[in-house]
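Notes for the one structure printed next.
The values are calculated or read from the model by the stated rules, or taken from the named source; none is laboratory data. The structure presented is a predicted model; accordingly, all values stated were derived computationally and were not measured. When we count neighbours, we look across all protein chains shown, and the Cβ atoms used for this are built from the backbone with ideal geometry, even at glycine. SASA here: full protein model, heavy atoms, side chains in, ligands and nucleic acids out. Shrake-Rupley method; radii C 1.70, N 1.55, O 1.52, S 1.80 Å.
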Amino acid sequence: MIIQATGIEKSFGDLKVLKGIDFQADKAEVVSIMGASGAGKSTLLQILGTLSTPDAGTLQIDGTDVLHLSGKDLSAFRNLKIGFVFQFHHLLPEFTALENVMIPALIARRSDKDARSAAAALLRDMGLEERLGHKPSELSGGEQQRVAIARALVNKPSIVFADEPSGNLDTKTKSEIHQLFFDLRDNYGQTVVIVTHDPGLSGMCDRSLFMRDGLFVDG
């Protein structure tokens, strides 16, 4: 198992959002998590991605007990092992597509030459070889999301977490982005965990889980 979470609980004030979640994922597996708004999907994704800490439970990622990492060690682990793709791509508007993808590699202290080469190769793989010098405002929504996916992959993470990655896209572009996740898994071997409301995307996944009121249930 590349992800092994057991008994994950999380409350915000008096509201218990996660009520003892167990979750596992294998290497190169694509897993979707579905459920109504407020079911706890995004909260779970943030905990699995080490962006949030649970109130109770254990979490191992690629053999590391991440809940016992803190500060710089946790940030370094996250930057190297985990990639994130969100509904809103969060590209930095003042930087080009190439520069946006380079940023995590530079944070990981890779050389400028290495970061630039890796970023350019990923963008070429995504059909954006003509768009490397364009800023986000000069790109379509689908192109911006492809840049965001390339940014998530530039450090060759073990896992990619995606939260509603196609929620803002038209039907054709949405279909292309969905297929891209599976192409990337086949080409790069990442485990992909996707929170989605889209039954079409969920149906493409190796495994689909359904959350209700902070627990996994039979859909």
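Things worth noting here:
- Only one entry in Arg116, Arg124, Arg78, Arg109 is loosely packed, with under 14 Cβ neighbours inside 10 Å, under 23 Å from Gly189 (Cα atoms) and among the basic types (Lys, Arg), namely Arg124.
- Checking each residue in segment 179-211 for being exposed (fewer than 15 other Cβ atoms within 10 Å of the Cβ) and assigned to a strand (DSSP E or B) picks out only Arg207.
- Filter pass, Ala56 being open to solvent by less than 70 Å² (accessible area, probe 1.4 Å) and modelled with pLDDT of 90 or more: yes
- Some residue of segment 29-52 being surrounded by 19 or more Cβ atoms within 10 Å (Cβ to Cβ), touching an Asp or Glu at 6+ places or on another chain (Cβ under 9 Å), farther than 27 Å from Leu184 by Cβ and touching a residue at least 40 places away in the same chain (Cβ under 8 Å): no
- Any hit, segment 115-136, residues being in contact (Cβ under 8 Å) with a residue 40 or more places away in the chain, assigned to a helix (DSSP H, G or I) and either in contact with a Lys or Arg (Cβ under 8 Å, 6 or more places away or on another chain) or more than 29 Å from Phe23 (Cβ to Cβ) (or both): yes
- In segment 127-137, residue nearest to His197 (Cα to Cα) [restricted to those that are open to solvent by 20 Å² or more (accessible area, probe 1.4 Å) and of a type outside the set (S, T, N, Q)]: Gly127
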